[in-house]
Amino acid sequence: MAVLSYGSWPSPITARSLVAGAVGLGEVMVDGADIWWAETRPDEGGRTVVVRRTPDGAVVDAVPEGVDVRSGVHEYGGGAWCVAGGVLVHADRSDERLVRREPGRPGVEPVVLTPEPDLPRGLRYADGRITPDGRWYICVRESHTGGGSEPANELVAVAMDGSWRVEVLVSGPDFVSNPRVSSDGQHLVWIQWDHPDLPWDDTTLWVGDLSPAGRLTGPRRVARPAGVDGGDSNESFFQPEWRTDGVLHVVTDRDGWWHLYRPDPSTDDLERLTTGNFEVATPQWVFGLSRYALVGDDVWFARREDGMDHLAVLSVDGTVTEVEPLSANSPATSISSLAAHGDGVVLVAASWTTEPALVAVTRTSTEVLREPRDLGLASGWLPVPEQIEFPTCSPEGRPEGELERAHALVYPPTSPDHEAPADERPPLVVLVHGGPTGSVRTQLQLAVAFWTSRGFTVADVDYRGSTGYGRSYRHRLRGGWGVLDVDDCVAVARYLSSDERPPTEQVDVERLAIRGGSAGGFTVLAALTFHDVFSAGASRYGIGDLAALAADTHKFEARYLDRLVGRWPEDEAVYRERSPIHHVDRLATPLLLLQGSEDRVVPPAQAHAMADALREQGVPFELIEFPDEGHGFRKAANVVRALEAELAFFADRFGFEVPERTGRQDRT
């Protein structure tokens, strides 16, 4: 092996390799003998395509070239398409209107199902299902009227005949989701909630009667217990589904963990079907999530336990059987998008050493239907993380010395060709996931291997407030955003550079970096402002001013900070205290800012204000703005440029050379 300093190891994993031929696999649906799924393609401008696989193995795109199947509901979208009986209905990102297609019938022209809105993209649709008689598309509609008023979110029935007829089924709640029609077409179930809650906070489950004329009658709320979480009566419902015999299933966290339940049809009381310290659901940031599937009388479900996904089957007699699906011959560690298929399921699976694949799973076999791309890399380049639980700071109200614990995946420097001098320790990159109600990704991420293959240690942190560890851990961040998440990121850096780790596993205390996007970008800015642990940071579309975010963001998250920080404007002092923009005099750490000009979630004004303040203070920084990106970078060229900019920025600060460089738009 060649001996080179950490951080300067040559690597075949370039920023371009992250997107070259990359495909993001999304929602999966089974329609008769055909299997359909969504693919996001960075090399095609980040557009999402619906793909169809027939029983003979033929795979074709179900939409024409250039069509982007995406929805702008909640800004994050998801659930932009549905298929039944060979008929595909999807949202078109260009104008947000619904389109009906029949890909299996050549010559049948597409039909636009919804009227043209008064405002561009003013009527948006998501999370739909086609009724069994094929007459209606039942979905969420988000109506934007302009003038500063909040959009209205409703459940509607859209006529499938192209008449542009739309019947409103449910209106009034601030938010609605998961409209699901029973197999006989007579009943509709859905979830709804109101400000200031989000879908992982407090939701209600409703059932009503659906007529062939597209009208809803007799809506009734499914009962819930008087107390959850030791007195908290709130609960978060997720993914209601009807069995073919009319039995309803749903996931809720009323016992402190997201578990499977079945309502009693006569009383609507809920019977718990699974138990244990694991979670079936994930936070509903996007529509169309599926973590379980009804296969006859069985329930196939994914669960997150100890920071990793597993697959199991719940039989009608209550027994649970573990199933170990494979992702390109590696045991799956990440499982999503389950759909019933024969006597098993089709799902998206990935592992620590393989990117997502589409696989068909039975109790005894796994068949790969859509292979992950061939990375052309030996396994020695791909890091396998250590799952750690580490002590974090003493929170207010706890006795001195009584520490809480947080979680992280720690990826070591990984190269089959290089090693560092024996007396050198690697630099550390701390990754901060978004949300903040989110979690680390439990699969191969070339964006992580990009760093480890060059000699970095990477710590991907599930700070307090992350999902996958129960409702109490998920809600631990209430009132503490900008404090507890920051403390945990600081704590993991200190822990990994301390004598609590074996000498061969310690990182260089003088070369600690932190990077994150959106809410994670806020944590980056706060960590650099209020602590002196890190020596460089990169914030992607991060939040510098909490008050500005509370006053200028989209409806879905408009009251999110009520839970995380405090009520606005009553708690203005807290907002100011935690906002890095008001404490730049305390910030002396070099900082890279990356921002999309079309961002509607965290507007570009946030990055501009932070850059102005840093320039005035004389703090070394760079600002790179992407005029054709929104919240999150989807286009291949921008993904490449952003990552190369981060590497170059950290290399400048840590004193090593790398071949990848990028131009600067703003530098001081």
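As an exercise, use a Förster radius of 25 Å and the Cβ-Cβ distance of HIS583 and ARG405 to find the FRET efficiency, rounded to the nearest 0.05.
0.30
Can you tell me which of 44-51, 359-366, 100-107 comes out highest on packing, and rank the rest after it, using the mean Cβ neighbours within 10 Å?
Values: 44-51: 20.1, 359-366: 17.1, 100-107: 14.2.
Packing proxy ranking, top to bottom: 44-51, 359-366, 100-107.
With just the Cα atoms of segment 282-390, tell me how far they stretch along each of the three principal axes, in Å, largest first.
Its Cα atoms span 44, 37, 29 Å along the three principal axes.
In the chain, which helices (entire DSSP H runs) extend 24 Å or more along their own long axis, judged by Cα positions, while averaging at least 0.0 on the Kyte-Doolittle scale? Don't skip to the end; give the middle numbers.
Details: long enough: 636-654 (27 Å, 0.64).
Length and hydropathy pass: 636-654.
Just order 412-423, 66-77 by mean Cβ neighbour count inside 10 Å, highest at the front, would you?
With the highest mean Cβ count within 10 Å placed first, the list reads 66-77, 412-423.
In the chain, what percentage of the DSSP-assigned beta bridges are antiparallel, given to the nearest 5?
80
Counting Lys and Arg as +1 and Asp and Glu as -1, what is the net charge of the other residues whose Cβ lies under 15 Å from the Cβ of ARG105? Before the final figure, lay out each step's value.
Values: positive: ARG52, ARG100, ARG101; negative: ASP31, ASP34, GLU102, GLU109.
Overall, the nearby charge balance is -1.
Which of the peptides 518-529, 550-561, 341-352 is most tightly packed, and how do the rest follow, going by the mean number of other Cβ atoms within 10 Å of each residue?
518-529, 341-352, 550-561
Give the whole-number value, in cubic angstrom per residue, of the convex hull volume spanned by the C-alpha atoms of segment 42-161.
Once divided by residue count, the hull of segment 42-161 is 117 Å³.
So how strong a dipole does segment 32-173 carry about its Cα centre when Lys and Arg Cβ are +1 and Asp and Glu Cβ are -1, to the nearest 20 debye?
So the dipole magnitude of segment 32-173 works out to roughly 220 debye.
When every alpha-carbon pair in segment 29-76 is counted, what percent end up more than 15 Å apart?
Considering segment 29-76, 51 percent of its Cα-Cα pairs are separated by more than 15 Å.
Whose amide H sits under 5 Å from the amide H of GLY256, counting only residues 5 or more places off or on another chain, with H placed in the peptide plane?
Amide H neighbours of GLY256, under 5 Å, 5+ apart: ASP229.
R0 = 60 Å: FRET efficiency of ALA20 with SER266, Cβ-based, nearest 0.05?
Values: r = 57 Å, r/R0 = 0.95.
E(calc), rounded to 0.05, equals 0.60.
Semi-axes, largest first, in whole Å: what does sqrt of 5 times each Cα gyration tensor eigenvalue give for segment 265-319?
Equivalent-ellipsoid dimensions as semi-axes: 20, 15, 13 Å.
Per the Cauchy relation, a quarter of the hull surface: what is the mean projected area of the convex hull of the alpha carbons in segment 437-565, in nm²?
Quarter of the Cα hull surface area: 8.8 nm².
Report the local net charge at TRP352: Lys and Arg +1, Asp and Glu -1, summed over other residues whose C-beta lies under 13 Å from its C-beta. Walk me through the intermediate numbers first.
Working: positive: ARG441; negative: ASP309, GLU355, GLU386, ASP460.
Surrounding charge for TRP352 is -3.
Just the number: Rg to Rh for segment 1-64, Cα atoms, Kirkwood Rh, two decimals.
Using Cα coordinates only, the ratio equals 1.25.
Just subtract the alpha-carbon distance of LEU119 and TRP164 from 0.36 nm times their residue separation and send over the number in nm, one decimal. Mind dumping the intermediate values first?
Values: separation 45, 0.36 × 45 = 16.20 nm, distance 1.69 nm.
Going from the current span to full extension adds 14.5 nm.
What base-10 log of the normalised intensity I(q)/I(0) is obtained for segment 125-166 from the Debye formula, alpha carbons as equal point scatterers, at q = 0.17, 0.35 Å⁻¹?
-0.50, -1.16
Report the label-to-label distance for SER94 and GLU616 in nanometres (one decimal), using points 7 Å from each Cα along the Cα→Cβ vector.
Those two pseudo-labels are separated by 4.5 nm.
Can you give the helix-only mean residue ellipticity at 222 nm for the chain, where every DSSP H stretch with n ≥ 4 adds -39500 (n - 2.57) and the sum goes over all residues, rounded to the nearest 500 deg cm²/dmol?
So the helix-based figure for the chain works out to -3500 deg cm²/dmol.
At what distance in nm do the modelled label points of GLU371 and VAL247 sit from each other, each positioned 7 Å from its Cα along Cα→Cβ?
4.1
Can you list the HN-Hα couplings for segment 286-292, worked out from phi with the Karplus curve (6.51, -1.76, 1.60; θ = phi - 60°), rounded to whole Hz and with x for Gly and Pro?
With coefficients 6.51, -1.76 and 1.60, one gets 10, 7, x, 6, 9, 10, 8 Hz.
For the chain, take the alpha-carbon Rg, divide it by the Kirkwood Rh, and send me Rg/Rh.
Working: Rg = 24.6 Å, Rh = 25.8 Å.
Across the chain, the Cα-based Rg/Rh ratio is 0.95.
Apply 1/(1 + (r/R0)^6) to the Cβ-Cβ distance of THR321 and SER379, taking R0 = 45 Å, and write down the FRET efficiency to the nearest 0.05.
0.90
GLY21: net charge of surrounding residues, Cβ under 12 Å, Lys/Arg +1, Asp/Glu -1, itself excluded?
Numbers: positive: ARG16, ARG41, ARG373; negative: GLU39, ASP43, GLU44, GLU355, GLU371, ASP374.
Net local charge, GLY21 excluded: -3.
Give me the number: length gained by fully extending GLU389 to ALA609, i.e. 0.36 nm times residue separation minus the C-alpha to C-alpha distance, one decimal in nm.
Between GLU389 and ALA609, full extension yields 75.6 nm more.
Under a 1.4 Å probe, what is the accessible area of the chain per residue, stated in Å²?
37
Using a 1.4 angstrom probe on heavy atoms only, work out the carbon and sulfur share of the accessible area of the chain in %.
Of the solvent-accessible surface of the chain, carbon and sulfur hold 47 percent.
Please provide three numbers in whole Å: the alpha-carbon extents of segment 122-217 along the principal axes, with the largest listed first.
37, 28, 19
The values are calculated or read from the model by the stated rules, or taken from the named source; none is laboratory data. Owing to the predicted nature of the structure, the values given are computational and were not obtained by experimental measurement. FYI the Cβ positions are ideal-geometry reconstructions off the backbone, even for glycines, and counts take in every protein chain you see. Please note that ligands, DNA and RNA were not included when accessible areas were found on the heavy atoms of the full protein model with its side chains. Shrake-Rupley method; radii C 1.70, N 1.55, O 1.52, S 1.80 Å.
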